[in-house]
Amino acid sequence: MTTHGSQPPGGGEPEQNLEYRIAHLQDRLASGELGELGVRVEARGRTVLLTGTVPSAPCRDEIVRTVQEELDGVPVHSDLVVTETSSPDHAEELA
């Protein structure tokens, strides 16, 4: 049972407010410089979980910074996978 607008035990912000902040964050991520549509932001109790795949470590760091800035005061756990595709540093030998 979900009770929107109620205070979680021990104080804190209402769940509805967190959902609103997450929706605003997703809009910001999609429309920002990074344009990351492959990153999911989910509320997990009183924390937020980031999942998805990003093209580079600097991109991941920027997304985490943006999320922490937007959701100030909410614990954020990141499970972002980096799929950096760099050139090989040596030639492949074929036999």
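The values are calculated or read from the model by the stated rules, or taken from the named source; none is laboratory data. Keep in mind it's a predicted model, so treat the numbers as computed, not measured. In this analysis, Cβ positions are derived from the backbone assuming ideal geometry, glycine residues included, and neighbour counts consider all displayed protein chains.
Modelled with pLDDT of 90 or more, closer than 27 Å to Thr85 by Cα and not in a strand (DSSP E or B): is that true of Ile22 in this structure? Taking the combined requirement at face value, the residue does not satisfy it. A count restricted to segment 57-75 and to residues that are loosely packed, with under 15 Cβ neighbours inside 10 Å, under 14 Å from Thr47 (Cβ atoms) and touching a strand residue (DSSP E or B) at 6+ places or on another chain (Cβ under 9 Å) stands at 1. Answer yes or no as to whether Val81 is over 13 Å from Ile22 (Cβ atoms) and surrounded by 12 or more Cβ atoms within 10 Å (Cβ to Cβ). Spelling it out, it is not the case that Val81 is over 13 Å from Ile22 (Cβ atoms) and surrounded by 12 or more Cβ atoms within 10 Å (Cβ to Cβ). Looking across segment 25-59 at every residue that is of a type in the set (A, V, I, L, M) and part of a loop (DSSP other than H, G, I, E, B), the one that is modelled with the highest pLDDT is identified as Leu37.
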